[in-house]
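The values are calculated or read from the model by the stated rules, or taken from the named source; none is laboratory data. All figures in this text were calculated on a predicted structure; none of them were measured in a lab. Backbone-built Cβ (ideal geometry, glycine too); neighbour counts: all protein chains shown. The accessibility values were calculated without ligands, DNA or RNA, using every heavy atom of the protein model including side chains. Shrake-Rupley method; radii C 1.70, N 1.55, O 1.52, S 1.80 Å.
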Amino acid sequence: MGRAHHAHYLVWCELGRTHLMRERGLAYAALERTGVFLPVAHAELEYRLGVGYDDEVRVETQIDEVRSRSVVFGYRLFRTMDERLIASGSTKLVCTDKQGRLQRMPDHVLDALDAAKG
């Protein structure tokens, strides 16, 4: 078939999200060491074009919404050879403790996410 599997699109979104968070001083590993976990609670993607195995993909990531216990990221994925939009979507992450119980995000996390909101 010569096309990337549809599940890879979510992986590309995750890479974009982790990069944005790291740029804002919110590396996942560091957050988890402090007891802050951000699992994905909802994911939504609209596929527009297929991507070949050797195609390069560029991901634009933004923060759409920040709440005391959740954050929503938006994504636009482009095929770099022609800059055509291949997919768009969003993920909602919730803040939990190590046991998976919902908790409020620490103020420094909320502040950093709010400052990055697009």
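Given the criterion assigned to a helix (DSSP H, G or I) and crowded, with 18+ Cβ neighbours inside 10 Å, identify the matching residue among Leu26, Leu20, Leu77, Leu10. Steps first, please.
Working: Leu26 fails: assigned to a helix (DSSP H, G or I); Leu77 fails: assigned to a helix (DSSP H, G or I); Leu10 fails: crowded, with 18+ Cβ neighbours inside 10 Å.
Testing whether each residue is assigned to a helix (DSSP H, G or I) and crowded, with 18+ Cβ neighbours inside 10 Å leaves just Leu20.
Restricting the stretch 46-69 to residues that are in contact with a Leu (Cβ under 7 Å, 6 or more places away or on another chain) and crowded, with 17+ Cβ neighbours inside 10 Å, which is farthest from Leu113 (Cα to Cα)?
Applying the filter and picking the extreme gives Val57.
Looking only at the stretch 80-90, which residues are outside any strand (DSSP E or B) and of a type in the set (S, T, N, Q)?
Of the residues in the stretch 80-90, the ones outside any strand (DSSP E or B) are 80-83.
Once the filter is applied, which keeps residues that are outside any strand (DSSP E or B) and of a type in the set (S, T, N, Q), the stretch 80-90 yields only Thr80.
Looking at the stretch 69-115 only, could you name the residues that are of a type outside the set (Ser, Thr, Tyr) and within 13 Å of the chain's Cα centre (by Cα)? Before you say what the answer is, go through the steps one by one.
As a first pass, look at the stretch 69-115 and keep what is of a type outside the set (Ser, Thr, Tyr): 69, 71-74, 76-79, 81-87, 89, 92-95, 97-115.
Answer for the stretch 69-115, where residues must be of a type outside the set (Ser, Thr, Tyr) and within 13 Å of the chain's Cα centre (by Cα): Val71, Val72, Phe73, Gly74, Arg76, Leu77, Gly89, Lys92, Leu93, Val94, Leu113.
Restrict the check to the stretch 93-103 and report whether at least one residue is surrounded by fewer than 16 Cβ atoms within 10 Å (Cβ to Cβ), free of Cβ contacts under 8 Å to residues at least 12 places away in the same chain, not in a helix (DSSP H, G or I) and not charged (D, E, K, R).
yes
Take the stretch 1-33 and flag every residue that is closer than 28 Å to Arg48 by Cβ and among the charged types (D, E, K, R). Explain how you work it out, then say what you get.
Initially, the stretch 1-33 is screened for residues closer than 28 Å to Arg48 by Cβ, giving 1-23.
Arg3, Glu14, Arg17, Arg22, Glu23, listed by residue number.
List pairs: first in the stretch 1-16 and aliphatic (A, V, I, L, M), second open to solvent by 90 Å² or more (accessible area, probe 1.4 Å), Cβ under 9 Å, 6+ apart or cross-chain?
If the second residue must be open to solvent by 90 Å² or more (accessible area, probe 1.4 Å), the pairs left are Ala4/Tyr53.
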